[in-house]
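Single-structure report; data block below.
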Amino acid sequence: MTAVVVEGLRKAYGSRDVLLGIDFAVTEGEIFALLGPNGAGKTTTLEILEGFRGRDEGRVEVLGMDPRSSAVAHELRERVGIVLQDTAVEPYLSVRETIARDAGYYRAPRDVDGVIELVGLREKRRAKVKDLSGGQKRRLDLALGVVGNPSLLFLDEPTTGFDPSARRSAWELVRDLRDSGTTIVLTTHYMDEVQALADSVTVIADGRIVDSGTPATLGGRDKAFARIRFELPPGTGVLDLPLPTAPPVVDGMVHLEVREPTAVLHSLTGWALERGTTLGRLTVERPSLEDVYLEITRSFETGEAAQSQQSQQSAAVRGRRRKRSRT
Amino acid sequence: MTVSSPAPAAATAPDAARGTAVGRGRLRLVAHQIRYEQLSFWRNPQAVIFTFLLPVLVVTVFGAVFGGDQKSDFYFGLSGMQYYTPTIAAVSVLGACYGQLAIVLSTRRQTGMLKRLRATPLPAWIYFTGLLAHCLLVGAIDIGLVIGVGTLYGVPLPAHWAGLALALVLGAASFCALGAGVASLVRSAESAPALVQFIQFPLVFISGSYFPVHADALNTIAGLLPVKPFNEALLAAFTGASGHGWRGLGVLAAWGVLGAVVAVRRFRWDPRPE
């Protein structure tokens with residue numbers, strides 16, 4: 001079953017089009033990553049799904065319900081957990097009090113101490129929120145997102161500001177939630193996070209979906225050429241290599257691109273062993289998720305930069321009415 | 001818009017047993033919310049000190065300046081402090097309910113706390129009930145403190161406690177509604193205190209809170225605004241005067257309804273509106 005359905009979704013702020021008709025679906029029980037450059041429309045999409053914003057056109061279903069219908073608003077809030085980009089909690093309550101307060105709002109909440117344990121704030125449970133570090137506050141946010149035991153969880157850049165070990169444990173937590181049946185919709189700027197967590201990925205740029213797949217297949221990554229690089233052994237020339245054509249050599253490194261590296265590697269390493277030499281600094285690489293992501297969004301990044309410059313100017317003219325970009 | 005799934009079971013169960021269970025749950029949730037709203041307030045030492053220190057300070061200074069037993073026509077046949085104790089109690093309730101609530105709501109909206117709250121199933125009316133209960137409590141403590149200081153200057157205790165309680169409840173509710181209404185109209189937390197004062201400051205002066213007003217035209221106008229009727233209700237409760245209460249309370253309640261209507265129609269939870 002699908003947890004989220006989006007079809008032909010369009011949204012404009014005044015005369016500025018933010019979403020130009022996007023379609024995607026989130027399968028129940030998966031971790032779905034929504035990626036895109038700043039200003040691409042990620043947060044707008046998320047806020048429409050969360051019910052904070054209306055849409056101009058298109059069909060949106062969240063757990064089978066329309067997030068803008070007031071008749072189902074309460075039920076959706078019971079079943080959807082939201083971790084927003086900004087931390088916003090009462091500074092003078094303790095960690096445990098903050099979680100217990102929100103737990104009281106739900107029909108069937110998780111156990112408060114269990115949630116504290118889950119996000120790794122046990123030592124800090126009596127600390128006041130104002131005395132927490134940025135990463136600890138973010139973990140409190142995560143706790144508030146899951147305390148209602150949601151079947152769908154929205155995570156908007158959940159690990160921004162985490163140190164590496166805190167990120168690993170946050171990933172662990174997100175995976176555990178997925179494994180216990182929670183569907184997760186995630187936005188992030190960290191490609192290693194996407195690689196580690198996401199079951200499926202959709203890339204949005206300039207209000208359109210530009211690619212989608214799994215972390216392994218995005219941008220045709222699985223079909224991309226493998227890149228083999230090694231040092232030309234001393235005393236040999238490129239023409240000595242057991243290859244049909246002479247490959248390029250850059251700074252003494254041989255560069256090869258092949259669709260399937262097994263056979264080529266076999267003959268190259270066999271050749272080196274026969275000669276009693278080695279292939280120094282040998283690497284075999286496929287493009288990383290970050291490589292393909294940058295490739296996919298490159299053309300849009302430049303357009304976006306120009307656009308945001310323009311909007312900054314007009315914002316200055318309007319006189320600082322809105323502080324942040326809403327997209 | 002279409003809803004493709006059936007409505008939630010809780011909303012459609014008509015039987016009475018279920019209804020009372022839901023009612024009890026709601027009541028518990030109201031208590032839960034009041035408790036945490038109180039906890040958030042009392043934990044913040046600055047908020048507590050300034051909320052209660054200001055009215056005490058003002059009534060003490062007024063007592064030092066206008067103290068003395070002699071009654072005068074200037075104070076409508078009362079002594080200076082017999083007049084100022086109720087009016088300053090009224091200003092403190094106004095500040096605690098209208099001013100503080102407008103500022104607190106704008107700040108909570110700006111920091112995103114209201115948006116986060118909106119993501120939980122807590123019904124809006126329960127959230128506002130928690131705030132109203134808080135304002136009512138603060139207003140009652142403020143009145144108690146002002147009465148306490150008043151007795152030090154020889155002001156007798158209120159003659160009608162029930163009238164005082166009625167005026168406090170109605171005043172707190174109306175001023176809270178107006179506070180929520182103003183919070184619905186301001187865009188940012190920075191502009192909230194300015195707008196609050198812009199409305200409150202002249203209103204308090206023309207309503208006779210800081211000096212009695214003897215201009216008939218001004219009194220007629222002020223009588224149609226919410227602060228003067230509240231002053232008069234407290235004055236009547238203190239002195240035991242009767243007869244001229246209900247019309248004023250009606251005016252006060254009407255302003256409260258207006259504030260509530262604006263709040264219901266215009267209140268925003270999101271710091272960045274569409």
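Derivation of every value follows stated rules applied to the coordinates shown; laboratory data play no part. Note that the structure is a prediction, hence the values are computed from the model and not measured. With ideal geometry, Cβ positions are generated from the backbone for all residues, glycine too; neighbour counts draw on all protein chains shown.
Side notes on the structure shown:
- Net charge contributed by nearby residues that have their C-beta within less than 10 Å of A:Leu93 (K/R +1, D/E -1): +3
- Net lengthening on full extension, A:Val250/A:Ser15 (0.36 nm per residue, minus Cα-Cα): 79.6 nm
- Evaluated at q = 0.11 Å⁻¹: base-10 log I(q)/I(0), Debye formula over Cα of the protein assembly as shown: -1.09
- Other residues within the sphere of radius under 11 Å centred on the Cβ of B:Val30, judged by their own Cβ, net out at +3 (K and R +1, D and E -1).
- Ranked B:Ser174, A:Ser151, B:Ser40, criterion: other C-beta atoms within 10 Å, fewest first: A:Ser151, B:Ser40, B:Ser174
- With the convex hull of its Cα atoms as the shape, chain B has an orientation-averaged projected area of 17.6 nm².
- Relative contact order, whole percent, for the stretch A:225-285 stands at 53, derived from Cα pairs under 8 Å and 6 or more residues apart.
- Mean per-residue shielding of peptide A:75-83 is 4, counting Cβ atoms of other chains within 10 Å of each Cβ.
- Once the Cα gyration tensor of the stretch A:2-214 is diagonalised, semi-axes √(5λ) in Å: 28, 19, 16
- Of the peptides A:288-296, A:120-128, the ranking by mean beta-carbon count within 10 Å, highest at the top, reads A:288-296, A:120-128.
- Most mobile of A:Arg79, A:Arg281, A:Arg259 in a GNM of chain A (Cα contacts under 10 Å): A:Arg281
- Mean separation of Cα contacts under 8 Å (6+ apart) over length of the stretch B:23-266, as relative contact order %: 26 percent
- Relative contact order (%) - criterion: Cα under 8 Å, at least six apart; region: chain A: 20 percent
- Spacing of the modelled spin labels on A:Arg126 and A:Asp113, each 7 Å from Cα toward Cβ, amounts to 1.4 nm.
- A convex hull fitted to the Cα coordinates of the stretch A:225-285 yields 78 cubic angstrom per residue.
- This ranking places B:Trp246, B:Trp255, A:Trp271, B:Trp125 by how few other beta-carbon atoms lie within 10 Å of each, fewest first, which gives B:Trp246, B:Trp125, A:Trp271, B:Trp255.
- Counted by Cβ distance under 14 Å from B:Ala167, the other residues give a net charge of 0, where Lys and Arg count +1 and Asp and Glu count -1.
- Antiparallel content of DSSP bridges confined to the protein assembly as shown, in %, to 5: 65 percent
- Backbone HN-Hα couplings from phi across the stretch B:83-93 [Karplus 6.51/-1.76/1.60, Hz, Gly and Pro as x]: 7, 6, 4, x, 5, 6, 4, 5, 4, 5, 5
- Max mean-square fluctuation residue, GNM over chain A, Cα-Cα springs under 10 Å, options A:Ser133, A:Ser15, A:Ser70: A:Ser15
- Counting neighbouring beta carbons within 10 Å and listing from fewest to most, the residues A:Phe225, A:Phe32, B:Phe50 come out as B:Phe50, A:Phe225, A:Phe32.
- With both labels modelled 7 Å from their Cα along Cα-to-Cβ, the A:Leu239 to A:Asp222 distance reads 4.2 nm.
- Comparing B:Gly171, B:Gly256, B:Gly240 in a Gaussian network model of chain B (Cα springs below 10 Å), the most mobile by mean-square fluctuation is B:Gly240.
- Beta bridges per DSSP with both ends in chain A, % antiparallel, nearest 5: 65 percent
- Of the peptides B:184-195, A:186-197, the ranking by mean beta-carbon count within 10 Å, highest at the top, reads A:186-197, B:184-195.
- Shielding by partners - mean other protein chain Cβ count within 10 Å, residues of A:100-108: 5
- With a 10 Å cut-off around each Cβ of A:90-98, the average count of Cβ atoms from other chains is 4.
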